[in-house]
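Asks: Input: one structure, supplied below.
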Amino acid sequence: MSYIRLKEFGPLQRGYIEAIGRALLVCQHLEGITHHVAVTWQITDALREQELSLNQIEEIATKLDSVRLVGFEARLRRSNEFPEDHKAALVLGRDARNWIAHEAAIYADLPVSSQLLMDSIRQFIRNVRNLCHADSLMSQASYEICERAPAPINLQENYDMQ
């Protein structure tokens, strides 16, 4: 769907499409922050192995510029960085991001009475929760990188995760 005329839809469909748009902003944030964390870790790992010049560091960063969600895998490989439940949350967040970006709007133009539309909205809500949880975890990792201090703990545990 490259062009949508919202006035052609009812309030439920308009609200759903607008919510998808807002969720896509969170998807973009998650991609960006994951990229930041992944590049930082990979450069840090390289620096630990050997001393690198500024040009070599820039070269690594340039090569990694296309890396986005690969950062999830980089994070997961660092098994001492996150407990198992956080790793699972990152995988769910990655999958949620992919569903929201590629599938969430498929049934948005169906009538309100459509079971497919209602099922899609329910799945959207679950995926947004998973996306936000993963974004919170990656934001905490970014905070620790930038502030060089532990991130506030248990923030996402206060979220409604039902």
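The values are calculated or read from the model by the stated rules, or taken from the named source; none is laboratory data. In this text the structure is predicted, and so the values were computed from the model without any measurement. Positions of Cβ are backbone-derived with ideal geometry, glycine not excepted, and every protein chain shown enters the neighbour counts. With ligands, DNA and RNA removed, areas are computed over all heavy atoms of the protein, side chains included. Shrake-Rupley method; radii C 1.70, N 1.55, O 1.52, S 1.80 Å.
Asks: Taking Thr40 and the conditions (1) farther than 27 Å from Ala104 by Cβ; (2) β-branched (Val, Ile, Thr); (3) modelled with pLDDT under 70, which numbered condition does it fall short on, given that it satisfies the others?
Replies: With (1) farther than 27 Å from Ala104 by Cβ; (2) β-branched (Val, Ile, Thr); (3) modelled with pLDDT under 70 applied to Thr40, the lone miss is (3).
Asks: Further question: Kindly establish whether Leu110 is modelled with pLDDT of 90 or more, surrounded by 11 or more Cβ atoms within 10 Å (Cβ to Cβ) and either over 21 Å from Gly32 (Cα atoms) or in contact with a strand residue (DSSP E or B) (Cβ under 6 Å, 6 or more places away or on another chain) (or both). Can you show your working first?
Replies: Details: modelled with pLDDT of 90 or more: no; surrounded by 11 or more Cβ atoms within 10 Å (Cβ to Cβ): yes; either over 21 Å from Gly32 (Cα atoms) or in contact with a strand residue (DSSP E or B) (Cβ under 6 Å, 6 or more places away or on another chain) (or both): yes.
Criteria not met by Leu110.
Asks: Go through the range 126-151 and give me each residue that's modelled with pLDDT of 75 or more, farther than 16 Å from Val26 by Cα and open to solvent by 40 Å² or more (accessible area, probe 1.4 Å).
Replies: Selection gives Tyr143, Glu144, Ile145, Cys146, Glu147, Pro150.
Asks: Moving on to the next point. Write out, first by first residue and then by second, each pair whose Cβ atoms fall under 7 Å of each other, whose residues are 6+ apart or on separate chains, and whose first residue, in the range 11-35, is at pLDDT below 95 while the second is open to solvent by less than 10 Å² (accessible area, probe 1.4 Å) and of a type in the set (Phe, Trp, Tyr).
Replies: Close Cβ pairs (under 7 Å, with a partner that is open to solvent by less than 10 Å² (accessible area, probe 1.4 Å) and of a type in the set (Phe, Trp, Tyr)) amount to Thr34/Phe72.
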